[in-house]
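All remarks here apply to the structure that follows.
The values are calculated or read from the model by the stated rules, or taken from the named source; none is laboratory data. All figures in this text were calculated on a predicted structure; none of them were measured in a lab. Side chains included, ligands, DNA and RNA excluded: accessible areas come from the protein's heavy atoms. Shrake-Rupley method; radii C 1.70, N 1.55, O 1.52, S 1.80 Å.
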Amino acid sequence: MDPSAFKGLTLRSHTGVAYRFDPGALCLELLTTGGPGPYRRYEVLHEPADVAAWADRSRLTPSPVLDVSAAEVAAVRALRDALFRVVIAHTRGEPHPPRDLEVINEAAARPALAPALTPGGEREWAGTPTGTQLAATVARDAVELLSGPFKHRIRTCAAEDCHLVYVDTSRPGRRRWCSMEHCGNRNKVRALRARHTEEG
């Protein structure tokens with residue numbers, strides 16, 4: 001994987017404006033596809049093609065050509081929901097829900113995507129990767145993130161109406177917004193309006 005080649009996901013605000021969002025980790029990218037409870041309305045993983053499309057947009061390099069079953073779609077959604085609850089608990093300094101940790105650890109214990117080298121010296125994925133291997137790769141990424149050097153930098157966007165989660169990999173560690181062109185810009189506009197109101 002070459003993280004430097006990943007330029008972020010293209011998301012749309014509730015007003016339809018497109019913006020770029022880089023959550024900083026593969027596992028956090030999966031959280032943009034829906035989630036448990038109130039996030040169910042954002043669900044985009046309905047069928048195998050949806051999982052393949054998400055993998056194609058992700059930071060996995062090259063994009064894996066997946067063979068995903070309907071059961072694997074449900075498993076990827078279950079992993080995402082468990083990961084969502086664990087990450088939110090983590091950002092709040094709360095204990096990780098034990099059942100959700102089991103789901104993540106069980107997925108991480110399965111065979112992940114295996115890189116291979118082509119005769120021309122290019123990187124590819126060995127065999128025909130499955131949805132289970134994709135889930136294992138995401139789960140292992142979650143284990144690395146939640147136990148690694150950036151575990152204290154996993155944050156929720158500072159905007160009150162935004163629930164996107166990211167890991168701040170910037171050197172100063174001062175990132176506050178999911179995206180400067182979206183929530184960061186909205187905050188600047190609000191601050192500017194407030195200043196004009198005070199001056200007026």
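Numerical summary
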| read-out | value |
| --- | --- |
| Potential extension, Ser69-Arg12 segment - 0.36 nm per residue separation minus Cα distance | 17.7 nm |
| Residues of the range 114-170: accessible area per residue with a 1.4 Å probe, Å² | 52 |
| From phi via Karplus (6.51, -1.76, 1.60), per-residue ³J(HN,Hα) for the range 105-117 in Hz, x at Gly/Pro | 5, 5, 5, 5, 6, 7, x, 9, 4, 10, x, 9, 10 |
| Percent carbon-and-sulfur accessible area, the range 44-123, ignoring ligands, DNA and RNA, probe 1.4 Å | 56 |
| Computed lengthening from Glu106 to Ser170, 0.36 nm per intervening residue step minus Cα-Cα distance | 19.9 nm |
| Accessible-area value, Arg123, 1.4 Å probe, nucleic acids and ligands omitted, Å² | 100 |
| Global geometry of the range 14-129, whether rounded, prolate or oblate, following the gyration tensor of its Cα atoms and the 1.5 cut on a/c | prolate |
| Ser69 accessible area, 1.4 Å probe, all protein chains in place, Å² to nearest 10 | 50 |
| Extension reserve of the Ala89-Val143 stretch, reckoned as 0.36 nm per residue once the Cα distance is removed | 18.0 nm |
| Largest-first ordering by accessible area, 1.4 Å probe, given options Trp54, Trp177 | Trp177, Trp54 |
| Range of Cα positions in the range 69-149 per principal axis (Å), largest first | 49, 34, 16 |
